[in-house]
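Have a look at the structure below before the remarks.
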Amino acid sequence: MPLLESFLTTGVFAFLIVFVRLGTACMIMPGVGDSLTPASVRLYIALGLCLVLTPVVMPYLPARLPGGAMLIALLCTEFVVGLFLGTVARILITALDTAGMLISTASGLGSAQMLNPAFATQGSLVGAFLSVTGVLVFFAANMHHFLFEAIVKSYRLFPIGEVPDTSDMLDVVARTVSVSFAAGVSIAGPFLVLSVLIYVWMGVLSRLMPAIQIFLIAVPLQIIISLLALSLTASAIFLYWLATFRDGMTFALTGG
């Protein structure tokens, strides 16, 4: 019996506790937790990560195996923490979709809609491009390693067996939403200014030459200029978003 109890505590129980937190985060984190990613793939990735990370987080696990209601409460707490971490990461990637929606509207492509694979919903053309490319850049820059490291570090901020402060969690989520929206507006800022300048030019030109159909001339020109500006600023957009993602996750793990 002591050997069996030791195995349950150090093996099965440890794996189960790690899987609840990390698996929940993986189900909604960027890339791995996208809606179009098969659930079986997400499950296999979560199981593989748990096998690797369980020995790392063993010092943070309780020495004794709780039983009955205490075990259920412990699993629920781990689920809430994993949901919190995955939600923060998911909110930060929505900055690209927000920026894409604003850029599409400013460039005259706001009425064109297509499927955004990152969210499995209809969205703007530029938003779908930025979201899909953002996931690619996310993995190319090894930001998923940073995210997994953040999950391991979360055991210091949210120790196993302690009930997390939900008010602080909600405050972090609210601030993350604010940061994500501000980042999206900042990314789309140059395109909004460019759109205003184009509309001012259209207004002046319509006054000078009222016989010309300015709209038929200016809209294609507006789209071409916006796409050219997007091609010139794409690298800066993703570098800025990666920095925002890293700062947002760091803010969440420092407890605000």
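The values are calculated or read from the model by the stated rules, or taken from the named source; none is laboratory data. As the structure is a computational prediction, the values presented were derived from the model and not from experiment. Cβ: placed from backbone, ideal geometry, glycine included. Neighbour counts: every protein chain shown. Protein only, heavy atoms only, side chains kept; ligands, DNA and RNA dropped before computing areas. Shrake-Rupley method; radii C 1.70, N 1.55, O 1.52, S 1.80 Å.
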Relative contact order (%) - criterion: Cα under 8 Å, at least six apart; region: the chain:
23
Residue 196-residue 113 pseudo-label distance in nm [points 7 Å out on the Cα-to-Cβ vector]:
2.9
Could you give the angle, 0 to 90 degrees to the nearest 10, between helix 125-140's Cα long axis and the longest principal axis of the Cα atoms of the chain?
40
Taking r as the C-beta separation of residue 142 and residue 205 and R0 as 45 Å, the FRET efficiency to the nearest 0.05 is 0.40
Run the numbers for residue 251 and residue 224: contour at 0.36 nm per residue of separation, minus the present Cα-Cα distance, in nm.
5.9 nm
Of the accessible area of the range 95-248, with the probe set at 1.4 angstrom, what percent is carbon plus sulfur?
71
Cα→Cβ-extended label distance, 7 Å offset, between residue 52 and residue 12, nm
2.7
Output the relative contact order of the range 163-256, whole-number percent, from Cα pairs under 8 angstrom with separation of 6+ residues.
51
How much length is gained on full extension from residue 121 to residue 157, taking 0.36 nm per residue of separation minus their Cα-Cα distance?
9.5 nm
Within the P(r) computed for the range 101-221, what percentage of the Cα pairs occupies the region above 19 Å?
68
Rounding to the nearest 10 and keeping the result within 0 to 90°, find how far the Cα-based axis of helix 39-57 lies from the longest principal axis of the chain.
50
Roughly how many Å² is the accessible area per residue of the range 116-256, as a whole number, for a 1.4 Å probe?
54
With everything on Cα atoms, drop me the angle between helix 143-157 and the longest principal axis of the chain, reported from 0 to 90° to the nearest 10.
50
Using just the helices of the chain, give the 222 nm mean residue ellipticity in deg cm²/dmol: DSSP H runs with n ≥ 4 each add -39,500 (n - 2.57), and the total is spread over all residues, rounded to 500.
-27000 deg cm²/dmol
Would you work out the Kirkwood radius for the range 45-168? I mean one over the mean of 1/r across all pairs of different Cα atoms, in Å.
17.1
